[in-house]
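Down below is the structure, laid out as C-alpha cells.
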Amino acid sequence: MSIFSRMLNTQALMFVYVVTGIIMARTGILRHEGRSSFINLLMDITLPCMILNSFNVDTNIDLLIAAGEIMIISTVCVIIAWMTGKIFWRRQPPERKAVLEFSTLFSNAGNAGMPIVASVFGTKGVFYASFYLLPVRILIWTMGLSLFVDERDTRKRMMILLKTPSLVVVFAGIALMFAPFRLPSVLSTAVKNIGDMTGPLSMMIIGAALGESNLREALDIDAFKLAAVRLVVQPVIFLFLFRSLGVSDILWQVTVTLTAMPAAANTEIIAEMYGKDYAFAARCVVVSTIVSLFSVPVLTLLF
C-alpha cells in the first residue's frame, strides 16, 4: 500500500467518527446539554490516560540524547508557529483569534500524525515522534490554554492552568519515565485502552458540534486561511530551515510530517470549555483535515 493510501485511510477513519457525531447530534442521541459530560470525560479521563501511556517507556543514554535533540526541534517549531500566528491573526476578533492562534500553534500530530509517521518511517520514526510530542503536550496546556483563559489575575490564571488534569499528568509522566519501574501490566493495559478512546471520542464531539450548525458554514474563508498557514506555510518553513541547518534527514522529515497535520482535534473542545467560538473551531479542524488529505502527500514529494 502506498504512503498516500495509508494516509488517506487514516484520515478517512477520522471522518467516519466525525460523521458519527453529526448523526448523533441530528438524531438527538447526543444533545447540546449532554455534550459537556462527554467533554469532561475526554479532558479529565481519556486524554490524560493517552498522555500517561506515552511516558510509560524504558530509558537509556542514547534515548535521552535523541530525545533532547528532537525536543529542542519541537520547541523551536512551537516558537516559530507562535510568531506566525501573531502575524497572521493580529486583526481577528478575540473569539476567533484564540482559535486561530491555537490552531496555528498545535497540529493533530498525536491522533493523525503518529499513524502516518509509523507507516512512513517505521518504529524509529515513532520513537522520534513520541519525544517530539513531549514539549508540545506541556506547551499545549500552558501556552496554548492561556490563549483561551480570560482570567486577568496572573496568579489565578496560573492556578487554572496548573489544575488542568492533562498538564498534571505530563509532569507525572515525566517522573514515571525516569522511575526504575513501569506501570503494572493490568494498569498499563487499562491506561492504554482508555487513552485509545481519545481519538474517536474527540472527533465525535467535533462532529456533534457541526451537527448543531449549518454545515454550509464550513465554507468559512478564515478556516481556509488557517488551513493554508497550518498545512503549507509552516511545514515548508520548517522543511527548509532544518534541512539547511544540517539536521539529520529522519529528524526533519518526521518534524515536517507532524507539523503538516491539520488543526489539533481538541481545538473545538477547549474553545467550547472556555466560551470561545467552538463552531468556528470545529470548522477549522474539519476544513484543515480535508485539505490535509491532499497537502500531506504533495509535501512528501519534497523529501
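Does segment 247-265 include one or more residues that are among the small types (Gly, Ala, Ser), under 30 Å from Ser37 (Cβ atoms) and modelled with pLDDT of 90 or more?
Within segment 247-265, the subset among the small types (Gly, Ala, Ser) is 248, 260, 263-265.
Keeping just the survivors that are under 30 Å from Ser37 (Cβ atoms) gives 263-265.
Checking the rest, the ones that are also modelled with pLDDT of 90 or more come to 263.
There is at least one residue in segment 247-265 that is among the small types (Gly, Ala, Ser), under 30 Å from Ser37 (Cβ atoms) and modelled with pLDDT of 90 or more.
Consider Ile72 against the criteria (1) exposed (fewer than 13 other Cβ atoms within 10 Å of the Cβ); (2) farther than 25 Å from Ser244 by Cα: it satisfies all of them except one. Which criterion is unmet?
(2)
Table: residues versus (1) surrounded by fewer than 17 Cβ atoms within 10 Å (Cβ to Cβ); (2) of a type in the set (A, V, I, L, M, F, W, C); (3) closer than 19 Å to Leu251 by Cα.
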position	(1), (2), (3)
Met43	no, yes, no
Pro48	no, no, no
Gly68	yes, no, yes
Ile87	yes, yes, no
Arg91	yes, no, no
Glu95	yes, no, no
Ala98	no, yes, no
Leu105	no, yes, no
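One line per residue, one yes/no per condition, for (1) surrounded by 24 or more Cβ atoms within 10 Å (Cβ to Cβ); (2) aromatic (Phe, Trp, Tyr):
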| position | (1), (2) |
| --- | --- |
| Trp252 | no, yes |
| Thr259 | yes, no |
| Glu272 | no, no |
| Ala282 | yes, no |
| Val287 | no, no |
| Ser292 | yes, no |
| Thr300 | no, no |
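If I go through segment 276-291 residue by residue, how many of them are closer than 29 Å to Trp252 by Cβ and modelled with pLDDT of 85 or more?
5
All but one of (1) within 26 Å of Phe15 (Cβ to Cβ); (2) in contact with a helix residue (DSSP H, G or I) (Cβ under 6 Å, 6 or more places away or on another chain) hold for Ile270, so report the exception by its number.
Looking at each condition in turn, Ile270 falls short on (2).
Identify, please: which residue in segment 193-227 is surrounded by fewer than 15 Cβ atoms within 10 Å (Cβ to Cβ) and not charged (D, E, K, R) and is, among those, modelled with the highest pLDDT? Spell out how you get there, then give the answer.
Of all residues in segment 193-227, those surrounded by fewer than 15 Cβ atoms within 10 Å (Cβ to Cβ) come to 193, 196, 214-217, 219, 221.
Restricting the remaining residues to those that are not charged (D, E, K, R) gives 193, 214-215, 219, 221.
Working: Asn193: 93, Asn214: 65, Leu215: 59, Leu219: 73, Ile221: 89.
Only one residue tops the list, namely Asn193.
Being at pLDDT 80 or above, more than 22 Å from Thr267 (Cα to Cα) and either surrounded by 23 or more Cβ atoms within 10 Å (Cβ to Cβ) or small (Gly, Ala, Ser) (or both) is true for just one of Gly125, Gly173, Gly144. Which residue is that?
Values: Gly125 fails: at pLDDT 80 or above; Gly144 fails: more than 22 Å from Thr267 (Cα to Cα).
It is Gly173.
Filter segment 31-71 for residues that are charged (D, E, K, R), within 29 Å of Val256 (Cβ to Cβ) and free of Cβ contacts under 8 Å to residues at least 24 places away in the same chain and give the result.
First, pick out the residues of segment 31-71 that are charged (D, E, K, R): 31, 33, 35, 44, 58, 62, 69.
When the remaining residues are screened for being within 29 Å of Val256 (Cβ to Cβ), the result is 58, 62, 69.
Result: Asp62, single match.
Which condition breaks for Arg243 when tested against (1) within 20 Å of Ala112 (Cα to Cα); (2) more than 14 Å from the chain's Cα centre (by Cα); (3) not small (Gly, Ala, Ser)?
So Arg243 meets the others, but not (1).
So that you can scan it fast, the table gives a plain yes or no per residue for (1) touching a strand residue (DSSP E or B) at 6+ places or on another chain (Cβ under 8 Å); (2) among the β-branched types (Val, Ile, Thr); (3) within 23 Å of Ile87 (Cα to Cα):
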position: Asp220; (1), (2), (3): no, no, yes
position: Phe240; (1), (2), (3): no, no, yes
position: Ala271; (1), (2), (3): no, no, yes
position: Ala279; (1), (2), (3): no, no, no
position: Val287; (1), (2), (3): no, yes, yes
position: Ser292; (1), (2), (3): no, no, yes
position: Pro297; (1), (2), (3): no, no, no
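The values are calculated or read from the model by the stated rules, or taken from the named source; none is laboratory data. Just so it is clear, the structure is predicted and the values come from calculations on it, not from any experiment. Note that each Cβ is placed from the backbone with ideal geometry, even for glycine, and that neighbours are counted across all protein chains shown.
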